[in-house]
Amino acid sequence: MIVTITVNGIAYERDVEPRTLLVHFIRDALGLTGTNIGCDTSQCGACTIHMDGMAVKSCATFAVQADGAEITTIEGLASNGDLHPMQQAFWDNHGLQCGYCTPGMIMAATKLVENNPRPTEAEIRHGLEGNLCRCTGYENIIRSVKAAAKAMEGGD
């Protein structure tokens, strides 16, 4: 099937098998390897992207389902060489260890803060329940999301 998907502002038209997962389309057909494959069962969230304004686990979505969609991957968050405030906050607050879950965590957290500009710690924990980190105790992740929320709102 021929699909047209806009990824990070660029429209791509590709012939895909109907069973191709969106995560494989992004990584293999487009070469955008920031979106990670963690479990292929939508349990870990490492493959989280933004599709038509929503955080979506790309391992649970077929590429044909994204035909006509607007997608943003971790590579598309930065602008003009500057990290997105969420990316910067994860860097500044050590919100990662091995980094494998980080792209999906950042994508989920970005949508969380866009939808709730002043999340409480409980709301952040609840909002990131679908994203697993096997390395950290989540404290620096929570700190990162709080810092990003402040920066995204225009604070320091």
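The values are calculated or read from the model by the stated rules, or taken from the named source; none is laboratory data. All figures in this text were calculated on a predicted structure; none of them were measured in a lab. Please note: Cβ atoms are built from the backbone with ideal geometry, for glycine as well, and neighbour counts cover all protein chains shown.
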Q | Only one of ALA11, ALA66, ALA60, ALA89 that is among the hydrophobic types (A, V, I, L, M, F, W, C), modelled with pLDDT of 95 or more and closer than 19 Å to GLU129 by Cα | A | ALA60
Q. When you scan the stretch 103-139, how many residues do you find that are modelled with pLDDT under 95, among the polar types (S, T, N, Q) and loosely packed, with under 15 Cβ neighbours inside 10 Å?
A. 0
Q) With ALA122, ALA29, ALA60, ALA108 as the choices, which residue is among the small types (Gly, Ala, Ser), under 25 Å from GLY137 (Cβ atoms) and free of Cβ contacts under 8 Å to residues at least 60 places away in the same chain? A) ALA122
Q) Where residues in the stretch 38-59 are among the hydrophobic types (A, V, I, L, M, F, W, C) and out of contact with any strand residue (DSSP E or B) (no Cβ under 8 Å at 6 or more places or on another chain), which of them is surrounded by the fewest Cβ atoms within 10 Å (Cβ to Cβ)? A) MET54
Q. Of the residues GLY68, GLY99, which is surrounded by fewer than 17 Cβ atoms within 10 Å (Cβ to Cβ) and within 15 Å of VAL7 (Cα to Cα)?
A. GLY68
